[in-house]
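Here is the structure we will look at.
The values are calculated or read from the model by the stated rules, or taken from the named source; none is laboratory data. Model, not experiment: these values are computed from the prediction. As a convention, Cβ positions derive from the backbone with ideal geometry for all residues, glycine included, and neighbour counts pool all protein chains shown. Areas reflect the complete protein model, heavy atoms only, side chains present, ligands, DNA and RNA absent. Shrake-Rupley method; radii C 1.70, N 1.55, O 1.52, S 1.80 Å.
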Amino acid sequence: MKYLIFFIFFTNLFSKEILGEIDKFNLPLFNLNNIEARIDTGAKTSSIHATKIEIIENKYVKFLVLGKYQFLEPIYKIQEVKSSNGQKSKRVFIKNKIEIFDKDYEIILSLNDRKNMKFPLLIGRKKKKKGFIVDVSKQNL
């Protein structure tokens with residue numbers, strides 16, 4: 001019986017796709033490719049660098065992604081988020097698609113000014129529930 005449990009554990013472990021701690025992703029709805037991202041197992045949600053965030057009638061949000069591409073998207077939700085330094089702020093969230101290993105997945109992104117962060121895209125642990133493992137010793141898988 002213990003060999004069966006061992007086999008099931010390792011079969012499930014190795015059937016999952018592996019992401020590096022730092023990796024590149026496509027956001028096809030934004031027509032953006034090879035955006036460098038940090039996979040953060042401590043962060044609950046995902047976030048993208050956005051500026052000039054303007055809420056329109058509490059239904060839509062207009063914003064710049066990566067400082068140069070303007071979008072108008074429906075608001076998924078507005079929620080208070082606590083950052084890694086403990087500060088709380090209200091953030092706008094949108095639904096989008098992310099391409100990982102040639103497959104599209106839905107992702108919820110908070111819009112946040114990440115100019116002081118090393119990576120414009122942060123992938124939080126909610127996205128990893130889709131069956132991915134993070135190997136922090138790897139990059140750009």
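Looking at the range 65-81, which of the residues that are at negative phi and aliphatic (A, V, I, L, M) is least open to solvent (accessible area, probe 1.4 Å)?
Residue satisfying both the conditions and the ranking: V65.
Could you count how many residues in the range 92-121 are more than 11 Å from L29 (Cβ to Cβ), assigned to a strand (DSSP E or B) and without any contact (Cβ under 8 Å) to a residue 24 or more places away in the chain?
Matching residues across the range 92-121 total 1.
Hey, could you check the range 84-99 for residues that are among the small types (G, A, S) and over 20 Å from N58 (Cβ atoms) and say which is least open to solvent (accessible area, probe 1.4 Å)?
First pass over the range 84-99, keeping only residues among the small types (G, A, S): 84, 86, 89.
If we keep only those that are over 20 Å from N58 (Cβ atoms) too, we end up with 84, 86.
Working: S84: 124, G86: 44 Å².
Going through the qualifying residues, I end up with G86.
Of all residues in the range 18-36, count the ones that are among the hydrophobic types (A, V, I, L, M, F, W, C) and closer than 14 Å to I107 by Cα.
Counting residues in the range 18-36 that are among the hydrophobic types (A, V, I, L, M, F, W, C) and closer than 14 Å to I107 by Cα gives 4.
Taking interchain pairs and intrachain pairs at least six residues apart, which have beta carbon atoms under 9 angstrom, with the first residue in the range 22-36 and in contact (Cβ under 8 Å) with a residue 60 or more places away in the chain and the second assigned to a strand (DSSP E or B) and hydroxyl-bearing (S, T, Y)?
Pairs found: F30/Y69.
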